[in-house]
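Novice: Handing you this structure, nothing more for now.
Laboratory data are not the source of any read-out in this text; all were calculated from the coordinates shown. Not measured: the values here are computed from a predicted model. Glycine gets a Cβ as well: all are built from the backbone with ideal geometry, and neighbour counts include every protein chain shown.
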Amino acid sequence: MRNPIRTGLIWVSVPLIGLLLTMGFVVLGDRMTATYDAASKMPSSTTQTLLVLPGAFSAAIFFLSLFIAPPYIAKAWRAWRHMRGLAEPGSAGLVAGWTVTAPIWTRFQRDLRDARDKGDGLSNMALSLCDFDAPATGIDIRIGEEGVQVGARYFALRGGRSSSLTAVAPGALGRDAARSGADHLAFVSAFEGSSRSLGAYTVEEIGLIVPVPPPARAAMQRVLDHFTPAAIADLKARDARRGRIGCLLNLGLLAVSIGMLAIYGIFDIQSAGWYGLLLFAVWLVWLTFYLMQVVVALVVGLGHMIRMMRTPR
């Protein structure tokens, strides 16, 4: 995530802008309708469409954003909280950290672009560092137990539906440390899929790679010692456990909302009906976020499958 605070504010502003536009178009439509009423005239069908259509469109954006925005706001808040934790001195979640000078960062970006042009199996997340300019004071890199902070950007290491972390190892971008002035630390991720033509397959790529200046090699070793295969397996297990808990909570929320709506229907208890509708709306928001993640995973998986089919075997 490039900037959690800015991302969160953008997602917060989307429903607010949709609401303000809807209210503005409603007020404007009422005033124009009042003008026709004062003149005892009936607006034409074209005029009525022009009065209703903008408000309906902005209202659709508003209600759609109520389903899409909350999960991304929560995701931005979680990234901001992790970044704040990594910035605290002596944080328990901080594994290691170092500063990359501006010249080393510039050389790293050049190597990154060369690797991209060669098709060296870099993810879009890793390539996003190509357009991240370093200030004169350099770039601060902090490695946490569940994420990496590069300057003002945060990259989660938690496994997702599209790929999962498989290894943390010294990396290379086609140049040795003597020429580039730094080592590299790579976070390797893998996507597992299957198809009729390929069968079961696994695609590995460098999910993220960061430069390590010579003075920070001891810090890099601490990262390597921390992310052992057992620690990575534990990270995957925690993520799977969170997913199972989330599914159970999702089903529980649906059951409670249906139960409260049933109470309203049987006993005509208004408060139960309102709370049931509120919980059902929260369940729909949650379900929408899960479905969007599934769609993203399908798109990513399709890209990996096409890449595998094009690769000579």
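Novice: Expected output is a single nm value to one decimal: the length gained when fully extending between ILE5 and ILE68, i.e. 0.36 nm times separation in residues minus the C-alpha distance. What is it?
Specialist: Details: separation 63, 0.36 × 63 = 22.68 nm, distance 1.75 nm.
Value of the extension gain: 20.9 nm.
Novice: Just to verify a number: FRET efficiency for LEU127 and ARG241, C-beta to C-beta distance, R0 = 45 Å, to 0.05? Please list the in-between numbers first.
Specialist: Details: r = 31 Å, r/R0 = 0.69.
That gives a FRET efficiency of 0.90.
Novice: How much length is gained if the chain between LEU248 and THR228 is pulled fully straight, taking 0.36 nm per residue apart and subtracting their Cα-Cα distance, in nm to one decimal? Let's see the in-between values first.
Specialist: Values: separation 20, 0.36 × 20 = 7.20 nm, distance 3.04 nm.
Stretched fully, the LEU248-THR228 segment lengthens by 4.2 nm.
Novice: Here is a follow-up. Would you mind computing, in nm to one decimal, how far apart the modelled labels at ALA152 and ILE258 are, each placed 7 Å from Cα along Cα→Cβ?
Specialist: So the two model labels end up 4.7 nm from each other.
Novice: Which value in nm describes the separation of the simple spin-label points at VAL294 and ASP30, placed 7 Å from the Cα toward the beta carbon?
Specialist: According to this spin-label approximation, the distance is 4.1 nm.
Novice: Karplus couplings for the stretch 130-146 from phi (6.51 cos²θ - 1.76 cosθ + 1.60, θ = phi - 60°), rounded to Hz, Gly and Pro as x?
Specialist: 5, 9, 9, 6, 8, x, 5, 7, x, 10, 8, 10, 10, 9, x, 5, 10
Novice: Between ASP117 and LEU16, what is the FRET efficiency for a Förster distance of 51 Å, r being their Cβ-Cβ separation, to the nearest 0.05?
Specialist: On the way: r = 42 Å, r/R0 = 0.82.
Step by step, r from the Cβ atoms, then E = 0.75.
Novice: Hey, with R₀ at 25 Å, roughly what FRET efficiency would THR106 and ALA167 work out to, going by the Cβ-Cβ distance, to 0.05?
Specialist: Result of the calculation: an efficiency of 0.35.
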